[in-house]
Amino acid sequence: GVELVELACTSFFNANKVEIESKITEGDFTAYRSGKMTLLCGDFFKLKPEHLSGVTAVYDRAALIALPPDMRTKYVKHLLTLLKPSAEMLLVVINYPQEGIAGPPFSVSEQDVQSYYASTCKITRVSHEQIEMPNPKFKGATIFENAYRITVG
């Protein structure tokens, strides 16, 4: 995994009742390890393909929706340079009327997903359901959560 915030890394281990076996600085990242699991804490845009050696699947639960629209294309382009052809991704986004509701999380439409990934990837929407968000700023908003299976190459 890759995370920008140290607290999110340690919270992940705590929430899953997994002991951090080592915490080592590796170049631009701090690596938190337990067994076969590694969380890299640092700037995603400093990741290199060797950081993801052997990675064949990606789970993006909150990265794309955390980014404002002007940063998403940069994020997707960088992510695709890190992955080998046939890598799989599960992308989960939310879609809501963005007018009057300041992100993050930001709304990402199906058209957005197509514009970011369709030129180099196969995209299949695997889930579409209406949800409620606990944050009061979303009170009264119609929000859909969409999940996409994306295959690189």
Subject >> Wholly enclosed strands (runs of 3 or more DSSP E) of the range 1-54 bearing at least 2 residues open to solvent by 70 Å² or more (accessible area, probe 1.4 Å) and more than 25 Å from Val76 (Cβ to Cβ) >> reply: 22-26
Original post:
Looking at Leu83, Leu67, Leu90, Leu79, which one is surrounded by 15 or more Cβ atoms within 10 Å (Cβ to Cβ) and touching a helix residue (DSSP H, G or I) at 6+ places or on another chain (Cβ under 6 Å)?
Top reply: Leu67
Original post:
In the range 124-141, what residues are under 23 Å from Leu90 (Cα atoms) and either modelled with pLDDT under 95 or among the acidic types (Asp, Glu) (or both)?
Top reply: Glu129, Glu132, Met133
Original post:
For the range 103-115, what are the residues that are touching a strand residue (DSSP E or B) at 6+ places or on another chain (Cβ under 9 Å) and of a type outside the set (A, V, I, L, M, F, W, C)?
Top reply: Pro105, Ser107, Ser109, Glu110, Asp112, Gln114
Original post:
Among (1) within 17 Å of the chain's Cα centre (by Cα); (2) farther than 27 Å from Ser107 by Cβ; (3) at pLDDT below 95, which single condition is Val2 missing?
Top reply: (2)
Original post:
Of the residues that sit in the range 93-127 and are touching a Phe, Trp or Tyr at 6+ places or on another chain (Cβ under 6 Å) and in a strand (DSSP E or B), which one is surrounded by the most Cβ atoms within 10 Å (Cβ to Cβ)?
Top reply: Asn95
Original post:
Does Lys74 fit the bill of being more than 30 Å from Glu19 (Cβ to Cβ), at pLDDT 95 or above and outside any strand (DSSP E or B)?
Top reply: yes
**OP:** Report, by residue number, each residue of the range 128-153 that is open to solvent by less than 50 Å² (accessible area, probe 1.4 Å) and not in a loop (DSSP other than H, G, I, E, B).
**Re:** Ile131, Phe138, Ile143, Glu145, Asn146, Ala147, Tyr148, Ile150, Thr151, Val152
Original post:
Which pairs have Cβ atoms under 8 Å, sit 6 or more apart or on different chains, and link a residue in the range 30-51 that is of a type in the set (Val, Ile, Thr) to one that is open to solvent by less than 20 Å² (accessible area, probe 1.4 Å) and in a loop (DSSP other than H, G, I, E, B)?
Top reply: Thr30/Gly42
Subject >> Which listed residue is under 25 Å from Thr124 (Cβ atoms), modelled with pLDDT of 90 or more and not acidic (Asp, Glu), from Pro68, Pro105 >> reply: Pro105
Original post:
Considering only the range 55-64, how many residues are open to solvent by less than 70 Å² (accessible area, probe 1.4 Å), touching a residue at least 24 places away in the same chain (Cβ under 8 Å) and under 13 Å from the mean Cα position of the chain (by Cα)?
Top reply: 5
Original post:
Any chance the range 84-102 includes a residue that's of a type in the set (D, E, K, R) and either closer than 22 Å to Gly153 by Cβ or touching a residue at least 12 places away in the same chain (Cβ under 8 Å) (or both)?
Top reply: yes
**OP:** For residues that are more than 17 Å from Ala57 (Cβ to Cβ) and aliphatic (A, V, I, L, M), tally how many sit in the range 69-109.
**Re:** 6
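The values are calculated or read from the model by the stated rules, or taken from the named source; none is laboratory data. Not measured: the values here are computed from a predicted model. As a convention, Cβ positions derive from the backbone with ideal geometry for all residues, glycine included, and neighbour counts pool all protein chains shown. These accessible areas exclude ligands, DNA and RNA; they are computed on the full protein's heavy atoms, side chains included. Shrake-Rupley method; radii C 1.70, N 1.55, O 1.52, S 1.80 Å.
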